[in-house]
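Note sheet for the following structure.
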Amino acid sequence: MIRERMIFTGRVQGVGFRYKVCYVARHHGMTGFARNEYDGSVTVEVQGTRAQIDDLIEILQHDNFIRIENILREEMELQEEKGFQIRG
């Protein structure tokens, strides 16, 4: 298990991005959250296997409405939490 903080930029607000992240993360049994930022980016912290996280990114990159221009990824310490949430 790993935890990553990812900051997505591009067309990621107003297109169902956080809801898509939440659906995929919950479907794969991952935990964490997705949050809109004031600069138009979206921050996602997700905990799961590296393969699960890579699959999540792959699914997001092939969505018809989402257009990811950049992803800043940072590995973090694991946290105890339950489920995946949408914040702000």
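None of the figures in this text is laboratory data; all of them are computed from the coordinates on show. Bear in mind the structure is a predicted one, so any value in this text is a computation, not a measurement. A quick note on method: Cβ atoms are made from the backbone with ideal geometry, for glycine too, and the neighbour counts reach across all protein chains shown.
Which whole-percent values make up P(r) of the stretch 37-88 when all C-alpha to C-alpha distances are grouped in 5 Å steps starting at zero?
Result, from short to long distances: 4, 14, 25, 28, 20, 8, 1 percent.
Suppose a student asked you for the relative contact order of the chain, using Cα pairs under 8 Å spaced at least 6 residues apart; what percent would you report?
Rounded, it is 49 percent for the chain.
Could you give me the ³J(HN,Hα) list for the stretch 19-31, computed from phi with Karplus coefficients 6.51, -1.76, 1.60 and θ = phi - 60°, whole Hz, x at Gly and Pro?
3J(HN,Hα) across the stretch 19-31, in whole Hz: 5, 5, 4, 4, 4, 5, 4, 5, 4, 8, x, 8, 10.
Over 5 Å intervals from 0, what percent of Cα-Cα pairs in the stretch 2-79 sits in each interval?
P(r) for the stretch 2-79, in whole percents per bin: 3, 17, 31, 28, 16, 5, 0.
Specify which residue in the list Asn70, Val12, Ile53 is farthest towards the positive end of the charge dipole of the chain, using unit charges on the beta carbon of Lys, Arg (+1) and Asp, Glu (-1), about the Cα centre.
Positive-end residue among those listed: Val12.
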